[in-house]
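A short worksheet on the structure shown next.
The values are calculated or read from the model by the stated rules, or taken from the named source; none is laboratory data. Source: prediction; values computed, not measured. In this analysis, Cβ positions are derived from the backbone assuming ideal geometry, glycine residues included, and neighbour counts consider all displayed protein chains.
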């Protein structure tokens, strides 16, 4: 858990990132017959988005490539980026994303798994790191044994002569922990989402809710988040690796132009959910069972590309 009491409010600015397209070693895809339009090939576009974390100004991750394992092939396919993609994931909240692959030609197949190849080590090199609101910078290290979190099993099918668009949701709230020695560990929690079957959920939060006496402090702009749970009538709980676990979370931020507190989820699969607001999200340590207070949950059904749910006190 990051101690927000020594931090200032988060202020994110939009950034412009040029799209980089990965290229595969020819020897790794020589089993794919035909070129563009070939009957045994399909086209994959892969983006990445972020479920945010409190009290950080920037979270930079160095992505080196993507590895995919076709069901019918013995060997995986590794797509190495021409140069590493250094992405500030905190700039990719809500419906924002950046493309990692664009119409990449791949064998038409179901894929056993997809793996992100990243560099994150406590070695004195700022390849992957977190910048807190107090401007301090800390390296992100993937501890031994946590590399498995970079692999997403199942959920990907590339269809012949058909474009497929998927997005990886990199859940920072669940992925970054602060150790007792003051180090920041990266234990990636990833989801793969089909863009064709997902939408955007937005809404507002009553100003009385963010200034409730039960909030983690008296600053109405900090600690505010919406947790989203799979299914109706779920009793909300913190992130602690025990059910019920939120499938996504979104920061609640003040729109300075309107004076209204707003939130936005992007790339949420169609279905039924429970949404719950908390102004104690900054006290939620994913490595422990914390007592977090939530407001009255609301049921949400997402059946189209956009939906709105406003949260009262």
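Scanning the stretch 219-242 for residues that are touching a strand residue (DSSP E or B) at 6+ places or on another chain (Cβ under 8 Å), under 22 Å from residue 176 (Cα atoms) and surrounded by fewer than 20 Cβ atoms within 10 Å (Cβ to Cβ) yields a total of 1. Among the numbered conditions (1) within 21 Å of residue 174 (Cα to Cα); (2) modelled with pLDDT under 95; (3) in contact with a strand residue (DSSP E or B) (Cβ under 8 Å, 6 or more places away or on another chain); (4) crowded, with 19+ Cβ neighbours inside 10 Å, the only one that residue 285 does not meet is (4).
There is at least one residue in the stretch 203-218 that is more than 30 Å from residue 164 (Cβ to Cβ), at pLDDT below 90 and buried (at least 20 other Cβ atoms within 10 Å of the Cβ).
What number of residues within the stretch 253-274 are under 14 Å from residue 204 (Cα atoms) and touching a residue at least 60 places away in the same chain (Cβ under 8 Å)? The qualifying residues number 5.
Counted as qualifying within the stretch 207-313 are the strands (runs of 3 or more DSSP E) with 3 or more residues that are more than 19 Å from residue 193 (Cβ to Cβ), namely 253-255, 260-269, 271-278.
Residues are listed down the side, and each one gets a yes or a no for (1) within 17 Å of the chain's Cα centre (by Cα); (2) in the same structural domain as residue 126 (by TED's automatic domain parsing); (3) crowded, with 16+ Cβ neighbours inside 10 Å:
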site	(1), (2), (3)
142	yes, yes, yes
151	yes, yes, no
154	no, yes, no
160	no, yes, no
165	yes, yes, yes
172	yes, yes, yes
176	yes, yes, yes
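Only a single criterion out of (1) within 26 Å of residue 176 (Cα to Cα); (2) surrounded by fewer than 19 Cβ atoms within 10 Å (Cβ to Cβ) is not satisfied by residue 116, namely (2).
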